[in-house]
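Student: First the structure, which I've put down as structure tokens, then a few questions once you've had a look.
The values are calculated or read from the model by the stated rules, or taken from the named source; none is laboratory data. Since the model is a prediction, treat every value here as computed from it, not as a measurement. Heads up, the Cβs are rebuilt from the backbone with ideal geometry, glycines too, and the neighbour counts pull from every protein chain shown.
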Amino acid sequence: MNRIRSFFRYSLGRRLALYFTLMMLLPLSAAGMTVYRASDMRMNNSALQLSAQIVSNVALDLDQLLTDAKSMIDLVIRDDTIQHHINRVFNSENNTEDVQISLNLRLKQLGEYYKNIYGVYLILDNGMVAKSRYYSIHEELELPADFYRQARNHSDVKWRLCPTGSMIVNNMGAGVLSAAASLTDKSTGLPCGIIIVDIRLETIRKMVNVYLGENGNVFLMDRSGNVLMEQMEDDGQRETVSEFIRGTVIGEETEIHDNAHFFILSSRLPESGWTLTGLVHKNFIRQNSRQILKILLWIALIACLINLLVSRLLRAYELRPIHSMMQFVGQVEKGDFDTPLFVVRDDEIGALAVSMKKMTLHIKELLHTVRQEQERFRWAEFKALQAQINPHFLYNTLDSVKWLIWEGENKKADDMVTALTKFFRIGLSGGCDLIPVECEIAHVESYLKIQKIRYSREFEYTVYLDHSISGCMVPKLILQPLVENALYHGIKPARRKCRLFINALQQEDTILLEVRDDGVGIPQNQLQQLGKLLKYGRKYPSESYGLGNICDRIHILAGEEYGIEIVSELGIGTSVRLHLPLKLGGNENVSSTARR
């Protein structure tokens, strides 16, 4: 939520686009939802009722098929010709083969009354089998004894599913549904066998092969909820339907029940007591609603695209002067006060642009005044630092000269005075703030000669100058404070003889001035503070006044990309590196420019 707020909070254009979008989407969404809900209910009910009607019609067709089978049984039982031949069989006539042929012929004639009846068979108690089909009779009938007894000894019709073929004849494995009933001899009124009527399973499959949508299915189930036939094999659906049928009383009218993912449409077949159940997936019922939803979404998408186009044009028109002012302010932030700002409006935004131009001119004048004051202040500060350092160093040097003369070290005293004279002559340098690298190195060498005479046992030093940069200009007095820091804070605390290296090198298009010692090094916390000082200048409070002054001078004269780098490790030593441009001010007296 906070990200969304931030996305719109910082952009007026985004907020305008949001306002336009809301003004269009809210009424469109309300109307679309109303239309969708109304059409969804109506179309879902229509689709569900149509599916229920399909299941009901299939149930009627199946029930009629089973009724035909029962009617065929009744027709055979009541047929006088059949009864006559049965009497001949049980009156011990010898020519039973002629009787069997006569029965076969009569069964074939009766079987033609109903086109969906696949076969009619008589199984008599004496073992005779009569058939209406030309298929050969099994050598051993696949008729279970208990099924034969139940059919013979009960008056109602018994049904048996034979998916692997007929129980009586070899019909090449064509599955059948067999209806069996008791065959009664009218002359005695006693059962004398059974009659079996076969219906091909393929006929039933064609009846139940109706389309109830994707993932839809049709099941034919017995009274116990066992699946007799299904349109598509699906263990999950079969279990769902079986549990439902076992726990529900089904009427003859098609009933609709709501399940988690399906609508269950069930209808009982009166003739057999079986149940025809259809499963209709809810997604199929709602597919028309989804089509309407897609149309509404396309309308909404097109409306959004039109809205985006119109709002983009309006937003661009309203925000164009604001963007111009933003670019203008961005240039001002970079220090460019000469970028023009054109006023093209007479409204509130135009008035704001005029005020901004006036304010920028005023800021430019103020910055010019402040910059002049800062340059004067830094120059005075630098001179004050020189005045602070030189008397202290001069006092210590003259005191050392006095003791050298007192001890008769006249040669050393002469060298120290000569070095001191050269040190101050280069330091003055005619009032220039920029001097050649070779002069800065000579200035440091003079300082080191004096310190070497004073502390001869404590350090050795090496100076290297790349003569290709001897004439390049650098700010003066930037090495001496670093050398002094190395002596007093790196070498003297080591209490051993150390080495000091002064290097002036060229690295690509920059000058590298390095002061390196093998003294005690700098602690990590102090090194971090020095890093912040070098990053933020003297805005960061620190006691390293001289280091901060050098860093500020380099930034002012050379730019923020140049400066000081410190690398140190306790017990190993410290390296202070100054990075300066090859070309800095030429031979110009920069300090005189700053004083104006």
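Student: Taking the residues in the range 430-453 that are more than 22 Å from Leu512 (Cβ to Cβ) and at pLDDT below 80 as candidates, determine which candidate is nearest to the chain's Cα centre (by Cα).
Tutor: Residue satisfying both the conditions and the ranking: Cys432.
Student: Would the range 492-501 turn up any residue that is under 15 Å from Glu445 (Cβ atoms) and either surrounded by 15 or more Cβ atoms within 10 Å (Cβ to Cβ) or free of Cβ contacts under 8 Å to residues at least 60 places away in the same chain (or both)?
Tutor: Just the residues of the range 492-501 that are under 15 Å from Glu445 (Cβ atoms), to begin with: 500-501.
Cutting the leftovers down to either surrounded by 15 or more Cβ atoms within 10 Å (Cβ to Cβ) or free of Cβ contacts under 8 Å to residues at least 60 places away in the same chain (or both) gives us 500-501.
The answer is yes, given that some residue of the range 492-501 is under 15 Å from Glu445 (Cβ atoms) and either surrounded by 15 or more Cβ atoms within 10 Å (Cβ to Cβ) or free of Cβ contacts under 8 Å to residues at least 60 places away in the same chain (or both).
Student: Let me ask something else. Pull up the range 109-148, narrow it to residues that are among the charged types (D, E, K, R) and surrounded by 12 or more Cβ atoms within 10 Å (Cβ to Cβ), then point me to the one that is nearest to Asp79 (Cα to Cα). Give the derivation first.
Tutor: Taking the range 109-148 as the starting set, the residues that turn out to be among the charged types (D, E, K, R) are 112, 115, 125, 131, 133, 139-140, 142, 146.
Applying the additional criterion that residues be surrounded by 12 or more Cβ atoms within 10 Å (Cβ to Cβ) yields 125, 131, 133, 142.
On the way: Asp125: 19, Lys131: 15, Arg133: 18, Glu142: 27 Å.
Here the residue is Lys131.
Student: In addition: Residue pairs, Cβ under 7 Å, 6 or more apart or interchain, first in the range 140-162 and in contact (Cβ under 8 Å) with a residue 24 or more places away in the chain, second of a type in the set (Val, Ile, Thr) and assigned to a helix (DSSP H, G or I). List them.
Tutor: Note: pairs meeting the criteria are Val157/Ile73.
Student: I've got another one for you. Take the range 410-426 and flag every residue that is aromatic (Phe, Trp, Tyr) and either surrounded by fewer than 20 Cβ atoms within 10 Å (Cβ to Cβ) or under 60 Å from the mean Cα position of the chain (by Cα) (or both).
Tutor: Phe424
Student: Another question about this same structure. Just to confirm my filter: which helices (runs of 4 or more DSSP H) fall fully inside the range 451-563 and include at least 2 residues that are closer than 27 Å to Pro436 by Cβ?
Tutor: Filter on the range 451-563 gives 480-485, 545-558.
Student: Within the range 52-83, which residues are within 18 Å of Val129 (Cβ to Cβ) and in a helix (DSSP H, G or I)?
Tutor: At the first step, the residues of the range 52-83 found to be within 18 Å of Val129 (Cβ to Cβ) are 72-73, 76-77, 79, 81-83.
Result: Met72, Ile73, Val76, Ile77, Thr81, Ile82, Gln83.
Student: Could you tell me how many of the residues in the range 291-333 are at pLDDT 80 or above and either of a type in the set (S, T, N, Q) or in contact with a Phe, Trp or Tyr (Cβ under 6 Å, 6 or more places away or on another chain) (or both)?
Tutor: Summing the residues that are at pLDDT 80 or above and either of a type in the set (S, T, N, Q) or in contact with a Phe, Trp or Tyr (Cβ under 6 Å, 6 or more places away or on another chain) (or both) in the range 291-333 gives 3.
Student: Is one or more of the residues making up the range 396-411 at pLDDT 75 or above, aliphatic (A, V, I, L, M) and within 16 Å of Pro475 (Cα to Cα)?
Tutor: At the first step, the residues of the range 396-411 found to be at pLDDT 75 or above are 405-406, 411.
Add one more test, that the residue is aliphatic (A, V, I, L, M), and what stays is 405.
With within 16 Å of Pro475 (Cα to Cα) added as a condition, the list becomes none.
No, there is no match, as no residue in the range 396-411 is at pLDDT 75 or above, aliphatic (A, V, I, L, M) and within 16 Å of Pro475 (Cα to Cα).
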